[in-house]
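Accompanying notes for the structure given below.
The values are calculated or read from the model by the stated rules, or taken from the named source; none is laboratory data. Just so it is clear, the model here is predicted, and its values are computed rather than measured. Quick reminder, even Gly has a Cβ in these numbers, built from the backbone with ideal geometry, and neighbours come from all protein chains shown.
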């Protein structure tokens, strides 16, 4: 964890939700973690990852619940370690994901996860029976973060999310594109994430020794790594987003701008679970979704702006990403906002 790593202040709210009616106690926890309570009122504020980790540990011990009392039963201290122990015995991510969801179900009563494979895509969905909208969005988002982060750790690489839906609308965050992928839909009435099904075939690469090391700083370290908006991947992502597709540098040029060799840059990106090509592909998708949502330019212009030589190539790529054409995607968004 680097000193520059940070987390959006929004993500503190789930941890503090149990004390929402006890402001003095909530402030005491924030100050103990080295966080100014006034930051909670600043929507785009950020806190250091180390302070986030301190607050995480403080709250789970204070509440004796590793799920922050977002579920009526919750997860007593030690639950997360118990959930993890069986996962390293699984041969691949598909079996680990099934076991992971079953293990969480041993503790959580109001939140349940399930997954389905739809051809080239896998969808992890959350079913919950939480009535309060704010509690529900915190619980479902926390659950999905824990599950996806665990899969990333088990595979030893970051899983790229293609689509995310959250049942309850909440404020957009700077971290969202890196956390939840380019196609985030808020307030859809159900919560789920979608990613390529080839990830399910990846082997589980962690063992008992790795688990012991991992548990000394999990799950807070895991979540910070998954949400990190200040790593090199995020820096490269922002560098590309700020430029037209035709101005994107080669890996060698980008490395030179970073004061690194190409091989060193490649190695640093791989350490964060990405390749340069994967980041470029993610940015192209993000640009396409953004343009379709804004609705100001034609699909042919979007194809050109995102580096496709022919609109037909963009149509094929978009169908592969989402299972539908860009036109039907745009029409569906229009129906929802209408």
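Table: residues versus (1) touching a strand residue (DSSP E or B) at 6+ places or on another chain (Cβ under 7 Å); (2) over 19 Å from residue 193 (Cα atoms); (3) in a helix (DSSP H, G or I); (4) in the same structural domain as residue 169 (by TED's automatic domain parsing).
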site	(1), (2), (3), (4)
283	no, no, yes, no
292	no, yes, yes, no
297	no, yes, no, no
303	no, yes, yes, no
309	no, yes, no, no
316	no, yes, yes, no
320	no, no, yes, no
327	no, yes, yes, no
331	no, yes, yes, no
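Does the stretch 182-191 hold any residues that are modelled with pLDDT of 85 or more and surrounded by 22 or more Cβ atoms within 10 Å (Cβ to Cβ), and which are they? Let's see the steps before the verdict.
Here is the first cut: in the stretch 182-191, the ones modelled with pLDDT of 85 or more are 183-191.
Correct list: 183, 191.
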Filtering the stretch 7-42 down to residues that are outside any helix (DSSP H, G or I) and touching a helix residue (DSSP H, G or I) at 6+ places or on another chain (Cβ under 7 Å), which residue is farthest from residue 74 (Cα to Cα)? 42
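For the stretch 202-228, give me each residue that is part of a helix (DSSP H, G or I) and at pLDDT 75 or above.
208, 209, 210, 211, 212, 213, 214, 215
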Sort out which residues of the stretch 257-280 are within 19 Å of residue 245 (Cα to Cα) and without any contact (Cβ under 8 Å) to a residue 60 or more places away in the chain, and write them in order of number. 257, 275, 276, 277, 279, 280
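Taking the stretch 268-278, which residues are assigned to a helix (DSSP H, G or I) and at pLDDT below 90?
As a first pass, look at the stretch 268-278 and keep what is assigned to a helix (DSSP H, G or I): 268-271, 276-278.
Within the stretch 268-278, 268, 269, 270, 271, 278 qualify.
Search the stretch 108-128 for residues being assigned to a loop (DSSP other than H, G, I, E, B) and at pLDDT below 95, and hand back the single one that is farthest from residue 195 (Cα to Cα).
Taking the stretch 108-128 as the starting set, the residues that turn out to be assigned to a loop (DSSP other than H, G, I, E, B) are 108-110, 119-120.
With the extra rule that they be at pLDDT below 95, the set shrinks to 119-120.
On the way: 119: 11, 120: 9 Å.
Result: 119.
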